[in-house]
Amino acid sequence: QGVEVQTDYVPLLNSLAMYGWQLTCVLPTPIVKTNREGNLSTKQIVFLQRPSLPQKTKKKESKVNSL
């Protein structure tokens, strides 16, 4: 009661989205810390993924032996 949860992943997600990363899961951890004002903070594990990029195929130039 009287507890407000604040999380703001938007800046993190926006910065990583430019590179194709997507948030897949957030896991809370049992780590809880109290600051001087009495506010509690928890640590969370954030999982991100991005689609695999197709491998660029190198053009192999056939070497022609000149006679």
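The values are calculated or read from the model by the stated rules, or taken from the named source; none is laboratory data. Here the structure is a predicted model, which is why all the values come from computation and not from measurement. Remember, those area values only see protein heavy atoms, side chains included, never the ligands or the DNA or RNA. Shrake-Rupley method; radii C 1.70, N 1.55, O 1.52, S 1.80 Å.
Each residue in the range 31-47 was checked for being open to solvent by 100 Å² or more (accessible area, probe 1.4 Å) and either assigned to a loop (DSSP other than H, G, I, E, B) or small (Gly, Ala, Ser) (or both), and 2 of them qualify. Entry remark, the range 1-41: residues being modelled with pLDDT under 90 and aromatic (Phe, Trp, Tyr) number 1 in total.
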